[in-house]
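Have a look at this one.
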Amino acid sequence: MDRCLKFPDRPSFSRFLVLMNPHIPSSFLARYYKSWFWPERYAIAQNPNTEREICEQLTQDPNSIVRAAARDNLK
């Protein structure tokens, strides 16, 4: 995971894959839920380890795919 943090302001495919992983701790997911890169927010919205509060915030995301994933995760 540390290699994904080498450039914390620059999204990467590696970080996207890490955020999709259902075994990633919620504390790591919480670091990136405000990412400007919508695929990262989508990965966090659909991840079962994402805290409910963050999913609720992502239901208001500007991107409809992120919103839908967050709503589905809250079910």
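How many of the residues making up the range 25-75 are of a type in the set (Gly, Ala, Ser) and closer than 22 Å to residue 10 by Cα?
Number of matching residues: 6.
Restricting to the range 9-54, what's the tally of residues that are within 19 Å of residue 74 (Cβ to Cβ), outside any helix (DSSP H, G or I) and either touching a residue at least 24 places away in the same chain (Cβ under 8 Å) or open to solvent by less than 60 Å² (accessible area, probe 1.4 Å) (or both)?
Selection size over the range 9-54: 8.
The values are calculated or read from the model by the stated rules, or taken from the named source; none is laboratory data. All of these numbers come straight from a predicted model, not from anything done at the bench. A quick note on method: Cβ atoms are made from the backbone with ideal geometry, for glycine too, and the neighbour counts reach across all protein chains shown. These accessible areas exclude ligands, DNA and RNA; they are computed on the full protein's heavy atoms, side chains included. Shrake-Rupley method; radii C 1.70, N 1.55, O 1.52, S 1.80 Å.
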